[in-house]
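Structure record follows, encoded as structure tokens.
The values are calculated or read from the model by the stated rules, or taken from the named source; none is laboratory data. Model, not experiment: these values are computed from the prediction. Note that each Cβ is placed from the backbone with ideal geometry, even for glycine, and that neighbours are counted across all protein chains shown.
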Amino acid sequence: MTTPYDPFDLRELHDPDIPLPEGFEANFAATSLSRVYNWARSRSTWPVLFGLACCAIEMIAAAGSRYDISRFGMEVMRATPRQADLLILSGTVTKKMVVPIVRIWNQMPEPKYAIAMGACASGGGPFKEGYNVVSGIDKYIPVDVYVPGCPPTPQALLHGFLMLHKKMEGQRIGQRNSMPWYSRGPADEVPIPVLGPDIIDPRQAEILRQQAEAAARVAE
Ligand code: SF4
């Protein structure tokens, strides 16, 4: 029996809108460039070798022989963000760690994707009210897939990968909104947060200034 990830199953590549004569399905594929492009990159997505907290143990288990992410061509976890196109945020995001996370994200080349694995990365989890914890990494970088759980099982992470593949397969070459990394000019970097007594997002500098001025007026 062939699986959806059998690399020799041409039905994965075939565009179902294009009819083929009966009996030809296993040996012929009529397809589009976008479908081939998305099929190839969704089955060779390389994650950054990067873990944050307890969820990282489940991510490591997903890479082991029992769950085996190499079935998706993902076993090549890269030790440098410059060779990776997937950032799995597997654990609690402290304010101190936001700075290197944003820096790693900026160093990854486009196209790139982020998975928030677990309750902590998605929304702060059990530490949401903690003085040192960020309530969701999506406040700083764009997240493509959220995997719920505390911790999510390796199977849940595999399901997250399948959801990511689905998102990739919906992107179209030639549609600028769909694949902005082929637009002219460099991609916009996420401003590096400033860590002082608290974490400051430079994108909110104007709001913070207005609030400080309002507070100063009230004090007068
Ligand atoms: S979601 Fe649960 S298991 Fe994952 S890092 Fe947070 S506390 Fe740990």
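Can you name every residue in region 30-64 that is more than 16 Å from the ligand (Cβ to nearest atom), outside any helix (DSSP H, G or I) and of a type outside the set (Phe, Trp, Tyr)?
30, 31, 32, 43, 44, 45, 47, 48, 49, 64
Pairs needed: first member in region 37-56, outside the structural domain of residue 80 (by TED's automatic domain parsing) and β-branched (Val, Ile, Thr); second member anywhere, in a helix (DSSP H, G or I) and within 16 Å of the ligand (Cβ to nearest atom); C-beta distance under 8 Å; at least 6 residues apart or different chains.
Sorted first by the residue in region 37-56, then by its partner, the list stays empty.
Tell me, yes or no, whether region 113-122 has at least one residue that is among the hydroxyl-bearing types (Ser, Thr, Tyr), within 23 Å of residue 183 (Cβ to Cβ) and either crowded, with 23+ Cβ neighbours inside 10 Å or under 12 Å from the mean Cα position of the chain (by Cα) (or both).
yes
Using beta carbons and a limit of 6 Å, which pairs, at least six apart or on different chains, have the first residue in region 78-96 and under 13 Å from residue 115 (Cβ atoms) and hydroxyl-bearing (Ser, Thr, Tyr) and the second one assigned to a strand (DSSP E or B) and within 15 Å of the ligand (Cβ to nearest atom)?
Pairs that qualify, where the first residue is under 13 Å from residue 115 (Cβ atoms) and hydroxyl-bearing (Ser, Thr, Tyr) and the partner is assigned to a strand (DSSP E or B) and within 15 Å of the ligand (Cβ to nearest atom), are 90/117.
Only residues in region 103-126 that are among the β-branched types (Val, Ile, Thr) count as the first member; pair them with residues that are more than 16 Å from the ligand (Cβ to nearest atom), Cβ under 8 angstrom, at least 6 apart or cross-chain, and list the lot.
Within 8 Å, the pairs are 104/48; 104/81; 115/86; 115/144; 115/161; 115/164.
If you go through region 78-129, how many residues are within 19 Å of residue 49 (Cβ to Cβ), assigned to a loop (DSSP other than H, G, I, E, B) and within 15 Å of the ligand (Cβ to nearest atom)?
3
Which condition number in (1) modelled with pLDDT of 90 or more; (2) assigned to a loop (DSSP other than H, G, I, E, B) is the one that residue 218 fails?
(2)
Is it true that residue 64 is at pLDDT below 95 and either over 24 Å from residue 82 (Cα atoms) or surrounded by fewer than 17 Cβ atoms within 10 Å (Cβ to Cβ) (or both)?
Yes: the conditions hold for residue 64.
Name, by its number, the condition in (1) within 16 Å of the ligand (Cβ to nearest atom); (2) touching a Lys or Arg at 6+ places or on another chain (Cβ under 7 Å) that does not hold for residue 160.
Of everything listed in (1) within 16 Å of the ligand (Cβ to nearest atom); (2) touching a Lys or Arg at 6+ places or on another chain (Cβ under 7 Å), residue 160 misses just condition (2).
Can we say residue 11 is farther than 30 Å from residue 129 by Cα, assigned by TED's automatic domain parsing to the domain that holds residue 128 and among the charged types (D, E, K, R)?
no
Let me confirm something: among 21, 16, 47, 4, which residue is closer than 27 Å to residue 116 by Cα and at pLDDT below 90?
4 is the lone residue from the list that is closer than 27 Å to residue 116 by Cα and at pLDDT below 90.
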